[in-house]
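The values are calculated or read from the model by the stated rules, or taken from the named source; none is laboratory data. Because the structure is predicted, anything quoted here is derived from the model rather than measured. Heads up, the Cβs are rebuilt from the backbone with ideal geometry, glycines too, and the neighbour counts pull from every protein chain shown. When the accessible area is computed, the model is the full protein with side chains, heavy atoms only, and any ligands, DNA or RNA have been set aside. Shrake-Rupley method; radii C 1.70, N 1.55, O 1.52, S 1.80 Å.
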Amino acid sequence: MRCPCGCGDRIELMVLEEARPRWDVAIDDAGRPTLHPSVWRKSGCRSHFWVRRGRIHWCD
């Protein structure tokens, strides 16, 4: 996915069961993704956000 902050960086999230760190992805009936846990970029733009039902929720 592209970083939602607008910096243009590509974010790759591991979803394989044995991967560490790992994200769980759930798709609702409308096709909207939810990710768990939050995404926190430790470098670059340093964005921190949740994806819930296809929407970005920024962490303070």
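How many of the residues in the range 35-49 are more than 13 Å from M1 (Cβ to Cβ) and under 11 Å from the mean Cα position of the chain (by Cα)?
First, the residues of the range 35-49 that are more than 13 Å from M1 (Cβ to Cβ): 36-38, 40, 42-46, 48.
Restricting the remaining residues to those that are under 11 Å from the mean Cα position of the chain (by Cα) gives 36-38, 40, 48.
Adding up the residues that qualify gives 5.
Within the range 3-23, track down each residue that is open to solvent by 70 Å² or more (accessible area, probe 1.4 Å) and under 18 Å from C59 (Cβ atoms). Talk me through it step by step, then tell me what you get.
Taking the range 3-23 first, the residues open to solvent by 70 Å² or more (accessible area, probe 1.4 Å) are 10, 12, 14-18, 20-21.
P21 - this is the single residue of the range 3-23 that is open to solvent by 70 Å² or more (accessible area, probe 1.4 Å) and under 18 Å from C59 (Cβ atoms).
Filter the range 24-34 down to residues that are surrounded by 10 or more Cβ atoms within 10 Å (Cβ to Cβ) and over 10 Å from the mean Cα position of the chain (by Cα) and give me whichever is farthest from I11 (Cα to Cα).
Filtering the range 24-34 down to residues surrounded by 10 or more Cβ atoms within 10 Å (Cβ to Cβ) leaves 24-28, 32-34.
Narrowing further to those that are over 10 Å from the mean Cα position of the chain (by Cα): 26-28, 32.
Values: A26: 18, I27: 19, D28: 22, R32: 18 Å.
Only one residue fits best here, namely D28.
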